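For reference, the structure discussed in these notes is given below.
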Amino acid sequence: MKLTKTASGKKIKISKKEWESIGKTAGWMKESQFGMLNSTDYVNIGSTPNGEDCAQVGSDNYNALSRIEGRAYINQLKRMFPNPPDGVLFSLKDFPHDFGTYYEVVVKYLTASEEAAEFAGKVQNESPENWDEQAKAELQQQGYFDQIKGSGANDQLYDAQGNLDESLLPLVKDLQRDGVHLV
C-alpha cells in the first residue's frame, strides 16, 4: 500500500511501513496505535474435522493429544486451502473452560484485509467432515489413535488405522448435534 502526500506542491510516495516508521520516530504515533493499524481477528474452525471426534478436556493426556490433533488439522487445512492471501495464519488457540484449557484451530487474519477475512470465512464454511489420508497417516505416526483408545475416549469408534466405524456415523452426528461429547 502506498500513501501519497502533497508537500509544497510535490507528490511524495511512501510505503505504509515507511510512514509508520516516521510516525514512531517522530513520536506522534505510539506503538499501541501501530498495533491498531494491523489488528487481527480470528474464526474458530474446531479441534478436528466436523465428523471426527476429538480429545476431551480433562481426559488423560489431553494437552498432548489436542496438540497432535491441531497440527494434523492445520496441515490438512493447508492442503485444502493452499496459497492463502497475505495476512492469514492457521493457528492453535487456547480457550478457558471449567475443566481446564481447551484448544481449537483458528484462522487468524488482518482485519484491514477484506481478502484475508473472506478467506478465513471460506475455510470456516468449507472445513472438512473427516480426516484425509495424509492426516490419518500423520496421526497414526504420532500414536494418536492408540493414545485415544488408551485414554478411554471413543474406544469403539476407531480401528488401529484411525478409520471411523461408518455404521456409527449417524449416531455420532445425532449425539454431536445434541451437544453430547463421547468419552
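The residues neighbouring K122, those whose beta-carbon lies less than 13 Å from its own, together hold a net charge of -4 under the Lys/Arg +1, Asp/Glu -1 convention.
By the count of neighbouring beta-carbon atoms within 10 Å, fewest first, L89, L77, L65 end up ordered L89, L77, L65. Residues S127, S91, arranged from fewest to most other Cβ atoms within 10 angstrom of their Cβ, appear as S91, S127.
Counting 0.36 nm for each residue step from E133 to R71 and taking away their Cα separation leaves a gain of 20.9 nm. On the basis of the beta-carbon distance and an R0 of 22 Å, S59 and Q141 show a calculated FRET efficiency of 0.55. For G46, nonlocal amide neighbours, meaning residues 5 or more places apart or on other chains whose placed amide H falls under 5 Å from its own, are V105. Here the gap between D41 and K17, fully extended at 0.36 nm per residue and compared with their Cα-Cα distance, gives a gain of 6.6 nm.
Farthest toward the positive end of the dipole of segment 40-154, out of T101, L89, Q141, is the Cα of Q141, where the dipole comes from beta carbon charges about the Cα centre. Please tell me which of these pairs span more than 23 angstrom C-alpha to C-alpha: K108/K136; K78/K108; K17/K108? With Cα atoms farther than 23 Å apart: K108/K136.
The slack in the chain from H97 to A112, taken as 0.36 nm per residue of separation less the alpha-carbon distance, amounts to 2.3 nm.
FYI, it's all coordinate maths here, none of it is from the lab. Keep in mind it's a predicted model, so treat the numbers as computed, not measured. Cβ: placed from backbone, ideal geometry, glycine included. Neighbour counts: every protein chain shown.
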